[in-house]
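K.L.:
Below: one structure in structure tokens.
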Amino acid sequence: MRNNYQKKSPPIAKAGVGLRYQHHQDFIDLKPKISWVEVHSENYFGGGMPVNYLQRIRENYELSLHGVGLSLGSSERVRKTHIKMVQKLIELVSPIFVSEHLSWNITQDFYLNDLIPVPYTQESLRIFVRNIDEVQNIFGRQILIENPSAYFQYSFGDYSETEFLSHLVNKTKCGLLLDINNVYVTCHNQHTDPLTYIKQIPANAIQEIHLAGHAAKVIDDGVILLDDHGSKVADDVWQLYKKAIDIFGIKPTLIEWDSNIPPLDILIKEAEIANRYLEVQPT
Amino acid sequence: MRLATLQHLISDYILFKQEGSKLSEIIQGDNLSHLERLNIYRNNTLISLQECLRGTYNVTSQIVGQEFFNQIAKNYIMRDPPREGCLLFYGKGFPFFLSKQPELGNLPYIADLARFEWNMQSAFHAADCPILTSEYLSSIGPSKLGKTIFKFHPAFHTMQSSYNIDELWLVHETKKINSLDHFKIIKNRIKNSLVIYRKDCQVYFENIKPAQFSFVVSLKDGNNLIKSFEKAQSKNKKFDLVQAIQALISGHSIMGYKIKGEKNE
């Protein structure tokens, strides 16, 4: 049965930061002035110190759960054990958002620890709808689906990525997590226009925005961008972000930084830049 | 092509099981070949899993060297890729895999060190469970105490090694360079008996006496208190049962008990 899931109390359209192990104690000691934080759900599937920190930080900050391991795009069904672990975490921290990816990484019992795009076919749509429906029914809430970064295109497909996302939203009532850096990286690598992508995304479904850094790799005659989340947000991505919120309004925005983790104050400064963009927009 | 078939082909390429020629007409992009594009995902997967293993086996990787560790980790990943979308407990088979590597013959202690690091990692991330307190334990009547079988906390581990790998680990973790230079790995005739446990979110390890180790292992194997006490006494007639139980309770190592022949507690 498909429902229109109720959101938790509306999150503030301000900037948050990804919470990493390295910054746990800083959050306890310094209590940085940040609106909310986001964690990778799978990092807290155990117990002990990580979960203890999470609960203590949750006392002072709103929190979002961002997963990488449900593999909603797998032709196989989503693992019940994994769903249960996320459900347990949801019950523990009452997150403002629960999100996953428009991708897959599990097949034949193997987990690939990356996020691989699917061809945007009717079969893929059917599979995503089946998997998202199952997960939302068990969680009793809406989940957000993040657009992927991609380093290739498939030679076949029935939809564009934005059409595919629109169909997913219509069929499952899921929300969207728009990763502006992923839009920029994918469109660069596929020689398409990121602003056209932004204009085609179903704006009303966007509940959260991600911003992150990327790396550029020179290959023969060209440059491929890699979504490594290992640096400050690039100027072009900030510009695309500004255009995006001009088009569909302000949304809660998260600064992601997953590799080459800097001191916490660097992340906070990135969030302050995002807040300046958000503050000049009419609500 | 059906999605399942496509995903199997891509997965097989990323995990070095296939050479990817069947994907040449399916994976597209300018400038780079289909394999160069797929290699981005292959490298992301490989490097992140190598980093995951290095995180667990940090001291092991320091001793064998980064380059060798990367290669051996890659071989392990190809042989035993993760089966779950959560990597907190990935790499359990790595110590055994190390023990079968002929290049590590000059480091006979390395598999034991890796096993120790695995136990520490498992203890750190083990699920939270209620702890049996001494008050609760004292509520078990004396006539039933001997029949008690304990359920251990998932963070509690036991292991033995002929080598002083616990000291080796500590020297590397505390990074006292002088200590490292003067440190000697020693092979003992009597094995070091280690318990690893978690208390108040901190992971501890202790080198305990053979009788106490025998007692703890017997309890963990599901034997009742009397039988485990007898095993300990066979090693040391003066084995102090009360002290041994107190050590387990104060170490938050026991999460429950049952009395054989009665309903589970």
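The values are calculated or read from the model by the stated rules, or taken from the named source; none is laboratory data. All values reported here derive from a predicted model rather than from experimental measurement. Cβ atoms come from the backbone with ideal geometry, glycine included; neighbour counts cover every protein chain shown. Just so you know, the surface numbers come from the protein's heavy atoms only, side chains and all, with ligands and any DNA or RNA stripped out. Shrake-Rupley method; radii C 1.70, N 1.55, O 1.52, S 1.80 Å.
K.L.:
With both partners inside region A:135-283, how many of the DSSP beta bridges are antiparallel, as a percent to the nearest 5?
P.N.:
Counting DSSP beta bridges with both partners in region A:135-283, the antiparallel share is about 35 percent.
K.L.:
Another question about this same structure. Using the Kirkwood radius built from alpha carbon pairs, what does the Stokes-Einstein equation give as D for chain B at 25 °C and 0.890 mPa s, in µm² per second?
P.N.:
Values: Rh = 21.6 Å.
Result for D is 114 µm²/s.
K.L.:
Using all alpha carbons of region A:153-215, what is the percent of pairwise distances in each 10 Å bin, ordered from the shortest bin to the longest?
P.N.:
Calculated over all Cα pairs of region A:153-215, the distribution is 20, 52, 27, 1 percent.
K.L.:
Loop only by DSSP, 11 or fewer other Cβ within 10 Å of the Cβ. Give me the GluC sites (Glu not before Pro) in region A:40-125 that pass, ordered by residue number.
P.N.:
Loop-located and lightly packed - A:E59.
K.L.:
Next question, about the same structure. From the gyration tensor of the Cα coordinates in the protein assembly as shown, what semi-axes in whole Å does the equivalent ellipsoid have, largest first, with each one equal to sqrt(5λ)?
P.N.:
46, 28, 23
K.L.:
Please state the shape class of region A:43-193: rounded when a/c is under 1.5, otherwise prolate if a/b exceeds b/c and oblate if not, all from the C-alpha gyration tensor.
P.N.:
It comes out prolate by the Cα gyration axes.
K.L.:
As a test of reading the structure, rank B:T148, B:T133 by solvent-accessible area (1.4 Å probe, protein chains only), most first.
P.N.:
Greatest to least solvent exposure: B:T133, B:T148.
K.L.:
Follow-up question, since we're still on this one. Between the alpha-carbon centers of region A:194-233 and region A:128-180, tell me the distance in whole angstrom.
P.N.:
Region A:194-233 and region A:128-180 have Cα centres spaced 17 Å from each other.
K.L.:
Which net charge results for the neighbourhood of A:G46, defined as the other residues with beta-carbon distances under 13 angstrom from its beta-carbon, given Lys and Arg at +1 and Asp and Glu at -1? Present the calculation step by step, with values, prior to reporting the outcome.
P.N.:
Values: positive: A:K88, B:R198; negative: A:E42, B:E84, B:D128.
Computed value for this residue: -1.
K.L.:
Any idea what the relative contact order of chain A is, in percent, if you count C-alpha pairs under 8 Å spaced at least 6 apart?
P.N.:
Relative contact order for chain A comes out at 19 percent.
K.L.:
Can I ask one more? Straight-line reach from B:K17: which aspartates and glutamates have Cα under 16 Å away, leaving out those fewer than 8 places along the same chain?
P.N.:
Straight-distance partners of B:K17: A:D109, B:D80.
K.L.:
Pull out a ≥ b ≥ c, the square roots of the eigenvalues of the alpha-carbon gyration tensor of chain A, then state rounded if a/c is under 1.5, prolate if not and a/b is larger than b/c, and oblate in the remaining case.
P.N.:
In terms of gyration-tensor shape, rounded.
K.L.:
Across every pair of different alpha-carbon atoms, what Kirkwood hydrodynamic radius in Å does region A:27-100 reach?
P.N.:
13.1 Å is the Kirkwood radius here.
K.L.:
Cross-link candidates for B:K231: which lysines have Cα within less than 22 Å, leaving aside residues fewer than 8 places away along the same chain?
P.N.:
Straight-line reach from B:K231, under 22 Å: B:K144, B:K147, B:K151, B:K191, B:K209, B:K220, B:K258, B:K260.
K.L.:
Assuming 1.002 mPa s and 20 °C, estimate D for region A:119-223 with Stokes-Einstein, Rh taken as the Kirkwood radius over Cα pairs, in µm²/s.
P.N.:
145 µm²/s
K.L.:
How big is D, in µm² s⁻¹, for region B:40-149 by Stokes-Einstein at 4 °C and 1.567 mPa s if Rh is the Kirkwood radius over C-alpha pairs?
P.N.:
80 µm²/s
K.L.:
In region B:9-64, which trypsin sites (Lys or Arg not before Pro) are in a loop and have at most 12 other Cβ atoms within 10 Å, using DSSP for the loop call?
P.N.:
On the way: sites: B:K17, B:K22, B:R37, B:R42, B:R54; in loops: B:K17.
Sparse-neighbourhood loop trypsin sites (Lys or Arg not before Pro): none present.
K.L.:
Excluding residues on the same chain fewer than 8 positions from B:K199, give the aspartates and glutamates whose Cα lies under 13 Å from its Cα.
P.N.:
Those aspartates and glutamates meeting the cut-off are B:D128.
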